[in-house]
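Read-outs throughout are calculated quantities, based only on the coordinates presented, and are distinct from any laboratory measurement. What you see is a predicted model; the values in this text were computed from it and never measured. Every residue, glycine among them, receives a Cβ derived from its backbone with ideal geometry; neighbour counts consider all protein chains shown.
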Amino acid sequence: MNIKKSHIRAYMRRVKKKLCPTGGSFHRGLPVQEELKPRLSYLVEMGVLELTGRGRGARYVLARRFYAMAGKKGIYTRKIGLDKETHKVLLLKHIRDSATEGARMKEFQQVLPSLSRQQIQRLLSELVTEEHIQRAGIKRAARWYRIGDD
């Protein structure tokens, strides 16, 4: 499929104008007006937008292929963020690197600054359930260690 970049830009301007007739709220990540929300599902269906997240944290992002055509794949990745499994891998790597002294919650918050403390705790509890890590201690003194050699 051979599509010119100028056609894509023109199409995206029309889409933006339909979604945000009063300004650039779509581009800035601001909430979409209620009367425009039915159009969002159509744009997702057509592959123009992607829905990321769930519940109140759900957001619409321009589809990856448009960022790729514009040569800005990195911006797409930044806007989408990292997925849950990538967060777990980062936590496991930090725990492995802190093998002798163990890793603390404060360090995990430095590793994943975009996540809340509760989100990090949820990821850690999943890793415990999956038997990748174990916790020693409670509250602020708690330290996390890797189980086994995997």
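Below are the figures for this structure:
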item	result
Exposure proxy ranking, count of Cβ atoms within 10 Å, fewest first, for H87, H132, H7	H7, H132, H87
The range 96-138 shape via C-alpha gyration tensor axes, a/c threshold 1.5	oblate
Residues L115, L91 arranged by fewest to most Cβ contacts within 10 Å	L115, L91
Sparsely packed GluC sites (Glu not before Pro) within the range 52-150, loop by DSSP, other Cβ within 10 Å at most 16	E101, E130, E131
